[in-house]
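The values are calculated or read from the model by the stated rules, or taken from the named source; none is laboratory data. Fair warning: this is a prediction, and the values are worked out from it, not measured in the lab. Every residue, glycine among them, receives a Cβ derived from its backbone with ideal geometry; neighbour counts consider all protein chains shown.
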Amino acid sequence: MENTEAAVLPPQVSSVIFSEEQIQEAVKRIGAQISRDYAGQKILLVTVLKGAFVFMADLARAIEGHVEIDFMAVSSYGDGAKSSGVVRIIKDLNASVEGRHVIIVEDILDSGLTLTYLLKNLKSRNPLSIEVATLLFKEGKQQTNVNCKYIGLTCPDEFVVGYGLDHNESFRNLPFIGVLDPSVYE
Ligand code: PRP
């Protein structure tokens, strides 16, 4: 954990947990791994809206080679604070994934229920291969075993916002990832 000197924290955010520099380092590392693993092959990055949009934009630019991008939006039925595992597709992909090398891009892997659903759903569409890249991995929180090949940063069990992640749609534009003060949601 590190505080970015220049970071301006909104009053609801108690600390910086990952600075811009730490995030960019993680993004570059994953980008280099993917560039190596898929050298000479075309990749389709499937971005899960909304949270992953910032990570995807940086990750796509950290990958050398042929990259295409598509978007999905999903919503999980539940109380809004936790995934229920019942996922509804709000927006589907524009194009077919059949015969393509797919990487699902997520901002955070928490319970893993969203990704479990997405992997099952997309595998049924016959991609050539399918992997997952997540910026944040909440250690010890998974309720299901998700095979996630590319992990950026291991995250403690806090309510984190910024760099795409929100609380009631706010804070997605913070350039760093911070911890939301519990008084905001308790
Ligand atoms: C977040 C995140 C993942 C999911 C992870 O999305 O972007 O899709 O939760 O949680 P899980 O591992 O427990 O399933 P959220 O529902 O907050 O929507 P958003 O991306 O639009 O903010």
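For segment 110-126, the set of residues classified as buried (at least 19 other Cβ atoms within 10 Å of the Cβ) and of a type outside the set (S, T, N, Q) consists of Asp110, Gly112, Leu113, Leu115, Tyr117, Leu118, Leu119, listed by residue number. Summed over segment 165-181, the residues that are near the ligand (Cβ under 10 Å from one of its atoms), touching a residue at least 60 places away in the same chain (Cβ under 8 Å) and part of a loop (DSSP other than H, G, I, E, B) give a count of 2. Looking across Ala39, Ala52, Ala73, one residue alone is more than 16 Å from the ligand (Cβ to nearest atom) and either over 27 Å from Glu158 (Cα atoms) or of a type in the set (Gly, Ala, Ser) (or both). It is Ala39.
Of all residues in segment 133-143 being within 11 Å of the ligand (Cβ to nearest atom) and within 12 Å of the chain's Cα centre (by Cα), which is surrounded by the fewest Cβ atoms within 10 Å (Cβ to Cβ)? Before the answer, list the steps.
Initial filter on segment 133-143 (within 11 Å of the ligand (Cβ to nearest atom)): 134-138, 141-143.
Right, trim to within 12 Å of the chain's Cα centre (by Cα) and you get 134-138.
Details: Thr134: 27, Leu135: 30, Leu136: 25, Phe137: 21, Lys138: 18.
Checking each candidate, the answer is Lys138.
If the condition is being part of a loop (DSSP other than H, G, I, E, B), closer than 22 Å to Met56 by Cα and more than 11 Å from the ligand (Cβ to nearest atom), then segment 144-155 contributes Asn147, Lys149.
Among the residues of segment 83-126, those that are more than 15 Å from the ligand (Cβ to nearest atom), touching a Leu at 6+ places or on another chain (Cβ under 9 Å) and free of Cβ contacts under 8 Å to residues at least 60 places away in the same chain comprise Leu93, Ala95, Val97, Glu98, Gly99, Arg100, Val102, Arg125.
For segment 69-94, filtered to residues that are exposed (fewer than 13 other Cβ atoms within 10 Å of the Cβ) and modelled with pLDDT of 95 or more, the residue that is farthest from the chain's Cα centre (by Cα) is Asn94.
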